[in-house]
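Reviewing the structure listed below.
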Amino acid sequence: MASRSYSSGDAKTGSEGTSGSPRRNINRLMYHAKQRGWLELDLIIGQWARDNLEGLTEEELGDFEELLAIENPDLFKFLTGQIDPEPHLESNRAFQMIRESVQDTMSFYGSFAATKAPKGANWVRGWDDKTSS
């Protein structure tokens, strides 16, 4: 039995990675943005990609592809400001745009009292907690 070699390239054209038509590259990036396997990032990055990928320059698309290679927990913490981003991300234009969008959204929803825990109280309660009326 003959062995087969598989790669991330296109079997029909033999193209690898980001080569190929711009439309194919955008479709590939869109798929990876929406299918990260972490719901929060699927929503954050997938929606941002849907709204912005078409208008990005080639350099910004390269930055976005670099961003997609970051592990989910780290990327989520970088975008939400839980930890400082790695130094190389400071010059990544796609990261800057997405982080700005996330921070704007967090500021907007964070301004509602209903989204905040009372000072000194846990935001998430256990199943057996009683709520007072």
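Taking GLU90 as the residue in question, decide whether it is exposed (fewer than 12 other Cβ atoms within 10 Å of the Cβ) and modelled with pLDDT under 95. Answer is yes for this residue.
Only residues that are outside any loop (DSSP other than H, G, I, E, B), farther than 12 Å from GLU65 by Cβ and open to solvent by 50 Å² or more (accessible area, probe 1.4 Å): list them for the stretch 32-47, please. Passing the criteria: LYS34, LEU39, GLU40, LEU43, GLN47.
Filtering the stretch 63-89 to residues that are among the aromatic types (Phe, Trp, Tyr) and either farther than 17 Å from HIS32 by Cα or touching a strand residue (DSSP E or B) at 6+ places or on another chain (Cβ under 8 Å) (or both) leaves only PHE78. When you look at ARG99, is it outside any loop (DSSP other than H, G, I, E, B), closer than 24 Å to ILE26 by Cα, at pLDDT 95 or above and open to solvent by 80 Å² or more (accessible area, probe 1.4 Å), yes or no? No. Scanning the stretch 61-87 for residues that are crowded, with 17+ Cβ neighbours inside 10 Å, over 10 Å from the mean Cα position of the chain (by Cα) and part of a loop (DSSP other than H, G, I, E, B) turns up just one, PRO85. Only one of the listed residues (THR115, THR57) is out of contact with any Asp or Glu (no Cβ under 7 Å at 6 or more places or on another chain), among the β-branched types (Val, Ile, Thr) and either modelled with pLDDT of 85 or more or surrounded by 14 or more Cβ atoms within 10 Å (Cβ to Cβ) (or both). That residue is THR57.
The values are calculated or read from the model by the stated rules, or taken from the named source; none is laboratory data. Just so it is clear, the structure is predicted and the values come from calculations on it, not from any experiment. Glycine gets a Cβ as well: all are built from the backbone with ideal geometry, and neighbour counts include every protein chain shown. We work out accessible area using only protein heavy atoms, side chains counted, and drop any ligands, DNA or RNA first. Shrake-Rupley method; radii C 1.70, N 1.55, O 1.52, S 1.80 Å.
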